[in-house]
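The values are calculated or read from the model by the stated rules, or taken from the named source; none is laboratory data. As the structure is a computational prediction, the values presented were derived from the model and not from experiment. Virtual Cβ from ideal backbone geometry, glycine too; neighbours counted across all protein chains shown. Note: accessible area is taken over every heavy atom of the protein model, side chains too, but ligands, DNA and RNA are not part of it. Shrake-Rupley method; radii C 1.70, N 1.55, O 1.52, S 1.80 Å.
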Amino acid sequence: MLWNAVPTDVPTGLDRIACPVTLAQGVLDVVASAQTVRYVPLVPGARFVPLPWAGHAPQWDVPEAIVDLVRRAAAEA
């Protein structure tokens, strides 16, 4: 977990993404805490959605919230 706290991967080209992007992470995620939110300023127009009551596998912990996010993103696209 300590290694994951250090941002060692620096992706390139995120500024060229031209579609709606929603980044979500479980607020109870102790494996990759704060990893997702750091990409928000790198992707134009990206938004971050914290998922209450979800851990490292939010699709398992809060599947309804994930489906809702996908539906909203699809409607916005």
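Pull out all pairs, ordered by first then second residue, where Cβ-Cβ is under 7 Å, the residues are six or more apart or on different chains, the first lies in segment 41-53 and is among the acidic types (Asp, Glu), and the second is open to solvent by less than 80 Å² (accessible area, probe 1.4 Å).
none
Taking the options Pro11, Pro44, name whichever one is modelled with pLDDT of 95 or more, surrounded by fewer than 15 Cβ atoms within 10 Å (Cβ to Cβ) and part of a loop (DSSP other than H, G, I, E, B).
Testing whether each residue is modelled with pLDDT of 95 or more, surrounded by fewer than 15 Cβ atoms within 10 Å (Cβ to Cβ) and part of a loop (DSSP other than H, G, I, E, B) leaves just Pro44.
With open to solvent by less than 50 Å² (accessible area, probe 1.4 Å) and in a helix (DSSP H, G or I) as the only criterion, which of Ala75, Ala65 stands out?
After applying the criteria, what remains is Ala65.
Pairs needed: first member in segment 66-77, closer than 15 Å to Gly26 by Cα; second member anywhere, open to solvent by 90 Å² or more (accessible area, probe 1.4 Å) and assigned to a helix (DSSP H, G or I); C-beta distance under 7 Å; at least 6 residues apart or different chains.
Hits for this filter: Ile66/Gln59.
Are any of the residues in segment 54-61 surrounded by 15 or more Cβ atoms within 10 Å (Cβ to Cβ), among the acidic types (Asp, Glu) and assigned to a loop (DSSP other than H, G, I, E, B)?
no
I need a count of the residues in segment 24-41 that are open to solvent by 70 Å² or more (accessible area, probe 1.4 Å) and within 17 Å of Asp9 (Cβ to Cβ).
2
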